[in-house]
Amino acid sequence: MEDGVKSGGQGEPVATPDRDLPSASEQQLPIRLTNLDDYEARYVNLIHVNSDRASFQLTFSQFLQPVLATPDDAERLVSQGYVPAKVIARLLFTPLMMEETISLMQHELDQYYAEQRQTAEVLERSDDDE
């Protein structure tokens with residue numbers, strides 16, 4: 001197994017630390033997320049990425065379009081000079097972990113679209129049968 005986070009099937013991640021590959025005598029165990037229920041899943045609609053020579057910093061945020069019910073609301077927002085966004089998480093990645101994360105996310109996205117196409121095809125066939 002390569003270093004980094006991988007999908008372990010049935011939604012269970014499998015990972016090894018960001019280090020050299022383990023020797024054949026080392027046993028790799030799945031990682032079980034024990035405190036997942038302590039964290040609320042949040043939608044993110046703003047991602048900011050910074051990088052330097054050693055790492056990538058990803059900041060995930062959420063902002064809501066301001067409700068501009070009156071001209072005063074618009075004026076207040078313009079005078080403020082920005083739309084506030086709540087930071088949900090700020091994460092640091094090594095270049096290797098960033099590369100593996102992008103690969104894993106691309107794999108999951110490809111799988112999602114394949115399932116969507118299959119569902120659409122099944123629905124289309126059932127409509128043709130009627």
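Quickly rank 94-106, 49-61 as a protection proxy: mean count of other C-beta atoms within 10 Å, highest first.
94-106, 49-61
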Ile47: net charge of surrounding residues, Cβ under 15 Å, Lys/Arg +1, Asp/Glu -1, itself excluded?
+3
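Using only the Cα atoms of the stretch 40-93, build the gyration tensor, take square roots of its eigenvalues as a ≥ b ≥ c, and label the shape rounded, prolate or oblate: rounded if a/c is under 1.5, else prolate if a/b is larger than b/c, else oblate.
On the way: a/c = 5.09, a/b = 2.18, b/c = 2.34.
Here the stretch 40-93 falls in the oblate category.
Any read-out appearing in this document is the output of simple, stated calculations on the displayed coordinates, not a laboratory observation. Here the structure is a predicted model, which is why all the values come from computation and not from measurement. No Cβ is skipped: glycine too gets one built from the backbone with ideal geometry, and neighbour counts run over all protein chains shown.
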